[in-house]
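Okay, so here's the structure we're looking at.
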Amino acid sequence: MKFLYFVFCFSLVTLITSCNDDPKNPGYEYMPDMYRTASYKANSSNPNFKDSMTDQKPVEGTIARNQAMPFAYPKSNDGYEAAGKELMNPLAKTEINLTEGKRLFEIYCIHCHGSEGKGDGTMVQNGKFPPPPSYSNQLKDLPEGKMFWTITYGKNLMGSHASQLNQDERWKIIMYVQTLQKLGAPTVTSSGDSAASKSTKDTSKIAVSQKKSKAKK
């Protein structure tokens, strides 16, 4: 009976002394280390790791959340050629992505490449830079992998845009640029013949007609 009385009194005293309004004095806590872990300050020594450092590097081979995937193609001519053969746009070619690509193109690219990608942007017209190659002429067959490599690293007078555009934004711009590459394609008629092809056929018909006319004479 005395033991129970002692336990009751001890518990009552502990409860009273543990409750107070002083934020600097939390009172008595039962096994506080179970829920109030001691923290280590940045750059301080830490006995929990082999190198005794609190700041640890990310685990090798891992990628932090919301960080871009590593770019496997080196900044070299071999990397440029390999990207052209192997690297493909992972984004779906939707109207939303294409519209966003156009918007980004008009922010980051139009001042040099021009609205139709013909190399006649305002920077060129003002004599600041020589005209870049036209998308619908010199670059009409440029693979999307080479475009991505160029936006990432830069090429010739064009600097890298990796700090301004994330990987998805680069692919969206490329998606729009591919529509500009088609601006120089021959016009297709309803019969399926190109304008140039139709003109050649008409010329051939006239020549045959003239030969028949001479033969009759």
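Is there a pair in LYS85/LYS118; LYS57/LYS146; LYS102/LYS140 whose C-alpha atoms are over 23 Å apart, and which pairs would that be?
From the list (LYS85/LYS118; LYS57/LYS146; LYS102/LYS140), the Cα-Cα distance tops 23 Å for LYS85/LYS118; LYS57/LYS146.
Fully extending the segment from LYS41 to LEU98 would add 15.8 nm, taking 0.36 nm per residue of separation and subtracting the current Cα-Cα distance.
Once the Cα-Cα distance is subtracted from the 0.36 nm per residue extended length, the GLU81 to GLU60 segment shows a gain of 4.7 nm. Taking each residue as 0.36 nm, the span from LYS128 to PHE49 lengthens on full extension beyond its C-alpha to C-alpha distance by 22.9 nm. Rounded to the nearest 20 debye, the dipole size of the range 102-184 about its Cα centre is 40 debye, using +1 on the Cβ of Lys and Arg and -1 on the Cβ of Asp and Glu.
Quick note: the coordinates plus some simple rules give every number you see, no bench work behind them. Small disclaimer: the values here were computed from a predicted structure and weren't measured. Using ideal geometry, Cβ is built from the backbone for each residue, glycine included, and neighbour counts are taken over all protein chains shown.
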